[in-house]
Structures are given as structure tokens and as C-alpha cells.
Amino acid sequence: MTFHEEGAQRASSHRSVHLTFIAIAIALAAVLGAANPQPASAAGVKVVVIVGPVGSSTSTYITAAKRYAAQARSYGANVVEIYSPNATWSRVKAAAQGAKVVIYLGHGNGSPSPYGAFSKYTKDGFGLNKSSGNGNYNTKYWGEYYIKTGIKLAPNAVVILNRLCYASGNSEWGTANPTKSTAKKRVDNYGAGFLRAGARAIFADGITSASYVLYGLFRTNRTMGAIFRSSSNFVGAYDFKFTSVRTPAYTAWMAPKAPGRYYRSVIGNLSLTAATFRGS
């Protein structure tokens with residue numbers, strides 16, 4: 001609200017009323033500001049964006065990743081981008097140290113899957129370039145073991161897994177939809193290594209944009225659960241929560257698009273606020 005100069009010819013009573021209105025407006029603004037605090041600056045917050053090799057689809061994944069990178073920079077974040085064919089484990093490992101947000105797009109290799117027993121060395125991590133500069137088909141999986149032992153994230157870090165198979169509970173394209181029990185295990189397993197690396201929330205969006213997560217983290221004071229629910233793709237008709245088996249201190253929330261269509265999930269501390277995320 002803008003107040004204009006009243007002028008010397010106004011009666012003192014009018015001046016008093018005017019000053020009273022100003023005082024009320026200032027007090028109201030203070031109350032509203034306390035109720036709706038402005039998000040803190042994201043300046044200096046480290047965001048790492050990674051795209052692993054996904055064959056002929058790599059360029060579309062990189063296009064999506066660059067949009068996330070630009071969005072994070074618009075909030076003032078310090079963004080590091082690592083893309084196939086140069087997204088090797090050594091580069092990703094070095095860049096991810098101390099990261100506040102890690103965004104990964106690429107192949108997912110989760111568990112349970114049709115590909116044999118669980119292996120901590122290959123499951124539930126990143127699919128990266130086996131060697132640098134040798135195209136977008138040379139994939140090697142760096143599993144949960146490497147995530148939890150090789151990376152130390154910033155306090156209350158957030159991981160975003162986008163366009164992966166398995167991470168949100170889903171199956172690979174062209175295969176049968178998983179049972180609810182299998183989908184839950186996939187989400188639980190995919191979160192375990194990242195939680196042990198210091199993350200406190202892991203969002204997985206299998207087919208839709210995760211830009212709402214970045215907005216929620218840097219432009220609101222919502223909880224992680226409220227950020228998950230804020231997506232325009234949230235479907236509440238079939239959603240459910242469960243306590244993690246692999247990491248019992250944390251909770252998973254899954255919101256399938258329809259029965260068997262497990263494309264969205266979050267696991268971690270769902271009560272953690274974006275304000276705490278930014279401030280820690």
C-alpha cells in the first residue's frame with residue numbers, strides 16, 4: 001500500500017488519522033510477514049545435475065537437465081552439470097561432495113528386478129559412463145555401496161531421481177506392472193544408499209517433470225511431504241505411506257497414477273521443512 005504526502009495545509013486531526021493508518025499498515029505487514037516469511041536466498045547452495053548414458057534418448061534427458069540447471073541458477077544456486085558421454089563415477093563422486101541437491105536423470109537399476117539377486121555394487125544408484133568420451137551406450141552401474149561410502153552430501157540434502165525405472169517403484173517400459181509389495185521394496189531400496197550418504201529426502205518422478213521440487217525447496221517453506229503433494233501430477237486416489245524397512249527412521253509416500261502405475265514417490269524425513277533445508 002502506498003501513502004502520499006498529505007501537505008502542510010491539512011488539519012492536525014487529519015494528520016493524526018493518516019499516521020494512525022500508517023501505523024496500522026506497518027503492524028499488519030509485520031504480522032503477515034511473520035506468518036508468511038520470505039524464503040532465504042539460495043546463493044551458494046550447491047546443486048549437482050547429472051545425466052547418465054541412455055542411448056539415443058540422451059539428448060532429450062540433457063535438455064530436461066539443463067532446464068533444471070537453469071531453474072536452480074535462477075534461485076541463486078551454484079550449479080554443477082555433468083552429462084554423458086563424460087558422466088563418469090570419478091567426476092560425479094567429486095562433484096557430489098557437499099551437494100545440497102543432487103538431480104540424476106538416466107537409467108535406473110533397482111531391486112527387486114528381473115535381473116537376478118540384489119547386489120549393493122550395482123543396484124539402487126547411478127548408471128554412468130564406464131569411460132569418458134566414448135558415447136552414450138557405455139553404461140556402468142554404481143550401486144548403493146558406492147553412494148553411501150563414496151559420497152558425503154550436505155546436511156539435509158535432497159536427491160531428485162527423474163525418468164528412472166525402479167526408483168519410484170515402477171517397472172521398465174514394456175514389462176508388467178509391479179505388485180504393491182514389489183513397488184514398495186523398490187522405493188525403499190533406492191532410497192537407502194542416498195539416506196546413508198546424508199540425504200533427508202529422495203524424490204522420484206518416473207515420467208513427469210520434477211521442477212516443482214526445486215520450486216518448493218527454494219521458494220517456499222513447505223515440508224518435504226507438502227512439496228511432494230504440491231505437484232500438479234499428484235494423484236491422491238491411490239496414494240499411501242509406509243515406514244521404511246531399510247531405514248526405519250524414515251517414511252515413504254507413494255502416489256501411483258493408477259493401480260500398478262508407480263511413477264511418483266518420496267522417501268525420507270517428510271516433516272523436514274524447506275526453510276530448514278536451506279538454513280542448515
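The values are calculated or read from the model by the stated rules, or taken from the named source; none is laboratory data. This one's a predicted model, so the numbers in the text were calculated from it and none came from an experiment. Please note: Cβ atoms are built from the backbone with ideal geometry, for glycine as well, and neighbour counts cover all protein chains shown. For accessibility, only protein heavy atoms count, side chains too; no ligands or nucleic acids. Shrake-Rupley method; radii C 1.70, N 1.55, O 1.52, S 1.80 Å.
Sort through ALA210, ALA154, ALA167, ALA197 and tell me the only one that's in contact with a Leu (Cβ under 6 Å, 6 or more places away or on another chain) and either under 23 Å from GLN71 (Cβ atoms) or among the basic types (Lys, Arg) (or both). Step through it out loud before you land on a result.
On the way: ALA210 fails: in contact with a Leu (Cβ under 6 Å, 6 or more places away or on another chain); ALA154 fails: in contact with a Leu (Cβ under 6 Å, 6 or more places away or on another chain); ALA197 fails: either under 23 Å from GLN71 (Cβ atoms) or among the basic types (Lys, Arg) (or both).
Exactly one of ALA210, ALA154, ALA167, ALA197 is in contact with a Leu (Cβ under 6 Å, 6 or more places away or on another chain) and either under 23 Å from GLN71 (Cβ atoms) or among the basic types (Lys, Arg) (or both), namely ALA167.
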Checklist entry - Out of curiosity, is PHE277 under 27 Å from GLY98 (Cβ atoms) and aromatic (Phe, Trp, Tyr)? => result yes
Next on the checklist: Scan segment 81-104 and tell me whether some residue there is in contact (Cβ under 8 Å) with a residue 60 or more places away in the chain, part of a loop (DSSP other than H, G, I, E, B), surrounded by fewer than 24 Cβ atoms within 10 Å (Cβ to Cβ) and more than 17 Å from the chain's Cα centre (by Cα).
Outcome noted: no
Checklist outcome for this item: With the first residue restricted to segment 264-280 and required to be in a loop (DSSP other than H, G, I, E, B), and the second required to be of a type in the set (Phe, Trp, Tyr) and crowded, with 18+ Cβ neighbours inside 10 Å, Cβ contacts under 7 Å at 6 or more apart or on different chains are ASN269/TYR250; LEU270/TRP253
Next on the checklist: Can you list residue pairs whose Cβ atoms sit under 8 Å apart, with the first residue in segment 55-78 being within 14 Å of SER211 (Cα to Cα) and outside any helix (DSSP H, G or I) and the second being modelled with pLDDT of 95 or more and open to solvent by 70 Å² or more (accessible area, probe 1.4 Å)? Count only pairs 6 or more apart in sequence or on different chains.
Outcome noted: TYR75/ARG219
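Please go through segment 136-160 and pick out each residue that is assigned to a helix (DSSP H, G or I), open to solvent by less than 10 Å² (accessible area, probe 1.4 Å) and among the β-branched types (Val, Ile, Thr).
Selection gives ILE147 alone.
Could you tell me whether VAL266 is in contact with a helix residue (DSSP H, G or I) (Cβ under 7 Å, 6 or more places away or on another chain) and buried (at least 16 other Cβ atoms within 10 Å of the Cβ)? If you could, list the steps in order and put the result at the bottom.
On the way: in contact with a helix residue (DSSP H, G or I) (Cβ under 7 Å, 6 or more places away or on another chain): yes; buried (at least 16 other Cβ atoms within 10 Å of the Cβ): yes.
Here the answer is yes, as VAL266 does meet what is asked.
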Checklist entry - Does LEU164 satisfy being of a type outside the set (Lys, Arg) and either modelled with pLDDT under 95 or not in a strand (DSSP E or B) (or both)? => result yes
Checklist entry - Looking at segment 163-197, which of its residues are closer than 24 Å to ASN78 by Cα and open to solvent by 20 Å² or more (accessible area, probe 1.4 Å)? => result ARG163, ARG196
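Results for (1) touching a strand residue (DSSP E or B) at 6+ places or on another chain (Cβ under 7 Å); (2) open to solvent by 30 Å² or more (accessible area, probe 1.4 Å); (3) acidic (Asp, Glu); (4) modelled with pLDDT under 95, shown as yes or no for each residue.
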position	(1), (2), (3), (4)
ALA40	no, yes, no, yes
ILE50	yes, no, no, no
THR60	no, yes, no, no
ARG67	no, yes, no, no
GLY106	yes, no, no, no
Checklist outcome for this item: Filter segment 223-263 for residues that are part of a strand (DSSP E or B) and either open to solvent by 40 Å² or more (accessible area, probe 1.4 Å) or of a type in the set (A, V, I, L, M) (or both); the one that is nearest to TYR75 (Cα to Cα) is THR223
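In the set PHE228, PHE194, PHE240, PHE218, which member is more than 13 Å from the chain's Cα centre (by Cα) and of a type in the set (Phe, Trp, Tyr)? Steps first, answer last, please.
Details: PHE228 fails: more than 13 Å from the chain's Cα centre (by Cα); PHE194 fails: more than 13 Å from the chain's Cα centre (by Cα); PHE218 fails: more than 13 Å from the chain's Cα centre (by Cα).
Result of the check over PHE228, PHE194, PHE240, PHE218: PHE240.
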